[in-house]
Amino acid sequence: MYTVYKIYGFVAMYGLKAIVIGAGIGGLTTGIALRQAGYEVEIYDRVRDLRPIGAGISLWSNGVKILNRLGLGQQLAAIGGQMHYMEYRHLSGDVLNHISLQPLVEEVGQRPYPVARRDLQNVLLEAFESAGGKLTLGTKCIGILDGFRDVTAKFEDGSTATGDLLVAADGVRSLLRQYILKDAVEPKYAGYVNWNGLVPISTDLAAADTWSIYVGEHKRASLMPLAGDRFYFFFDVPLPKGTVNDVANYRNELKQHFQGWAKPVQLLIDRLEPESVARLEIHDVGPISKMVKGRVALLGDAAHATCPDLGQGGCQAIEDGWVLANYLSSTNLSVPDALRRYEIERKVRTTEIVNKARNRAETIHGKDPEVTQKWYDQLSQENPLDVTKAIAKIISGGPLH
Ligand code: FAD
């Protein structure tokens with residue numbers, strides 16, 4: 001039995017319980033939304049210490065709008081970088097295009113926020129716990145028992161947790177994805193390696209209000225301003241799968257890959273602290289045929305890990321959480337029906353984003369060198385308004401237009 005009250009934006013359903021596996025951006029956002037929808041929520045994560053992989057993330061306006069609606073507007077504004085412009089530069093340093101983001105903000109009604117992952121995680125964790133959610137760390141989920149009336153997560157230590165639904169937000173290498181799909185779906189290597197980290201803002205690297213992206217030789221070097229006078233930087237280089245990942249060699253390999261690039265790129269490589277740099281082989285997942293089975297829903301990267309070339313993977317996990325909580329707070333839907341609606345809505349949106357991001361990754365990283373050259377040529381001729389319109393189109397496809 002459950003009781004219904006109207007609270008926040010949701011109709012709150014008291015007496016129902018959600019088990020969430022994974023305390024990343026997707027799991028935590030879902031936990032907050034479901035708490036606000038009145039659900040009892042327990043999140044379980046296999047790690048003992050929650051540490052985000054990677055340094056920064058751009059939260060585009062579709063993600064920000066949802067976090068605002070969850071009551072996190074002030075916190076986000078405090079951790080968000082002031083990114084007013086975007087600029088593309090040739091590897092030599094010549095400006096190819098300088099783009100004001102103001103038309104984008106006016107069109108979609110919300111500025112994007114580049115944030116440090118650690119800051120975002122702190123905001124989400126605090127919101128979840130202060131809303132009365134329960135987080136258990138060091139507990140790896142190894143299986144699911146889906147019953148007619150409830151669903152149970154089984155953990156490696158022999159314990160279990162039972163609820164009215166289970167959200168599998170266990171990331172790109174999801175173990176639980178197989179429960180929904182039967183056959184294993186392996187993440188697909190996108191063909192390039194990404195190094196990322198934080199450095200202090202300094203005008204000899206880039207303007208403090210600008211996302212600067214150097215392009216050439218199918219590679220990228222990028223600097224994005226965060227709050228706290230920091231740049232989030234990343235480098236992308238197409239490489240075969242399985243190259244050696246040795247922190248002691250990060251500076252050398254970047255020096256080699258970016259030899260002859262502009263002075264700010266060289267300074268960035270000199271200034272980064274290799275010990276705090278993440279080096280990742282980029283993978284994506286899907287589009288997959290199913291996101292839901294019975295009382296179990298896949299969410300975030302577990303369902304649709306996305307090449308980061310659109311900056312939308314985390315934003316899609318946030319959208320998932322919002323849409324799921326909305327259907328689950330609908331009084332005339334059973335839990336399995338609400339999950340089916342969630343699947344129908346989210347499959348369309350995330351299929352489009354995964355495919356678009358993969359195409360963009362291929363264009364940027366030289367899958368077909370002619371296409372990449374055409375993109376380089378276009379960059380200097382493109383009307384900045386066309387760039388912001390294209391970003392706005394992606395943002396406007398989200399649940400809060
Ligand atoms: P994760 O963050 O991976 O969380 C999964 C959690 O599940 C982890 O904490 C893990 O420990 C836990 N877990 C796994 N298995 C189990 C288990 N069996 N039992 C219990 N716990 C388990 N997105 C953007 O929106 N904008 C960007 O600018 C952007 N840039 C990116 C740059 C890079 C280099 C990369 C790689 C990604 C980027 N993304 C970006 C994508 C974004 O990081 C992801 O989409 C997002 O972090 C996914 O969140 P998630 O909660 O689904 O998964």
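The values are calculated or read from the model by the stated rules, or taken from the named source; none is laboratory data. Keep in mind that this is a model prediction, so the values were computed, not measured. Counting neighbours? That spans all protein chains shown, and the Cβs are built from the backbone with ideal geometry, glycine included.
Considering only residues that are of a type outside the set (Phe, Trp, Tyr) and buried (at least 23 other Cβ atoms within 10 Å of the Cβ), look in the stretch 39-54 and name the one that is nearest to the ligand (Cβ to nearest atom). The selected residue is Asp45. Tallying residues that are touching a helix residue (DSSP H, G or I) at 6+ places or on another chain (Cβ under 9 Å), crowded, with 24+ Cβ neighbours inside 10 Å and under 22 Å from Asp146 (Cα atoms) within the stretch 16-31 yields 9.
Being of a type in the set (Ser, Thr, Tyr), within 14 Å of the ligand (Cβ to nearest atom), touching a residue at least 24 places away in the same chain (Cβ under 8 Å) and touching a strand residue (DSSP E or B) at 6+ places or on another chain (Cβ under 7 Å) is a property that holds for Thr306. Gly138 falls short on exactly one of the conditions (1) within 16 Å of the ligand (Cβ to nearest atom); (2) over 18 Å from the mean Cα position of the chain (by Cα); (3) assigned to a loop (DSSP other than H, G, I, E, B); (4) over 21 Å from Gly22 (Cα atoms), and that condition is (4). The strands (runs of 3 or more DSSP E) falling completely within the stretch 184-247 that include 1 or more residues that are acidic (Asp, Glu) and within 14 Å of the ligand (Cβ to nearest atom) map to 230-238. Against the criterion of being on the phi < 0 side of the Ramachandran plot, β-branched (Val, Ile, Thr) and either more than 9 Å from the ligand (Cβ to nearest atom) or at pLDDT below 95 (or both), Ile344 qualifies.
When restricted to residues that are free of Cβ contacts under 8 Å to residues at least 60 places away in the same chain and either loosely packed, with under 12 Cβ neighbours inside 10 Å or of a type in the set (Val, Ile, Thr) (or both), the stretch 361-373 contains 4.
Please verify whether Arg35 is modelled with pLDDT of 95 or more, surrounded by 24 or more Cβ atoms within 10 Å (Cβ to Cβ) and basic (Lys, Arg), treating the condition exactly as stated.
Spelling it out, Arg35 is indeed modelled with pLDDT of 95 or more, surrounded by 24 or more Cβ atoms within 10 Å (Cβ to Cβ) and basic (Lys, Arg).
Which is of a type in the set (Asp, Glu) and farther than 30 Å from Thr351 by Cα, of Asp270, Asp309?
Asp270
Among the residues making up the stretch 94-137, those that are of a type in the set (Ser, Thr, Tyr) and closer than 30 Å to Trp375 by Cα are Ser100, Tyr113. Among the residues of the stretch 153-175, those that are touching a residue at least 24 places away in the same chain (Cβ under 8 Å) and part of a strand (DSSP E or B) comprise Ala153, Phe155, Ala161, Thr162, Gly163, Leu165, Leu166, Val167, Ala168. Number of residues in the stretch 181-208 that are of a type in the set (A, V, I, L, M, F, W, C) and modelled with pLDDT under 95 equals 3.
The set of residues from the stretch 159-189 being out of contact with any strand residue (DSSP E or B) (no Cβ under 7 Å at 6 or more places or on another chain) and farther than 15 Å from Asp45 by Cα comprises Gln178, Leu181, Lys182, Asp183, Ala184, Val185, Glu186.
Just to be sure before I move on: is Gly321 surrounded by 24 or more Cβ atoms within 10 Å (Cβ to Cβ) and at pLDDT 95 or above in the structure I sent?
Answer is yes for this residue.
Restricted to the stretch 141-179, and to residues there that are more than 10 Å from the ligand (Cβ to nearest atom), small (Gly, Ala, Ser) and surrounded by 13 or more Cβ atoms within 10 Å (Cβ to Cβ), the residue that is farthest from Ser334 (Cα to Cα) is Ala161. The single condition among (1) within 30 Å of Val247 (Cβ to Cβ); (2) outside any helix (DSSP H, G or I) that Ala302 does not meet is (2). The residue list Leu385, Leu333, Leu339 contains one member that is among the hydrophobic types (A, V, I, L, M, F, W, C), more than 29 Å from Gly54 (Cα to Cα) and buried (at least 21 other Cβ atoms within 10 Å of the Cβ), which is Leu339. Candidates in the stretch 347-367 are the residues that are out of contact with any Phe, Trp or Tyr (no Cβ under 7 Å at 6 or more places or on another chain) and of a type in the set (S, T, N, Q); of these, the one that is nearest to the ligand (Cβ to nearest atom) is Thr350.
Evaluated against (1) buried (at least 21 other Cβ atoms within 10 Å of the Cβ); (2) in contact with a Lys or Arg (Cβ under 9 Å, 6 or more places away or on another chain), Arg89 falls short on exactly one condition, (2).
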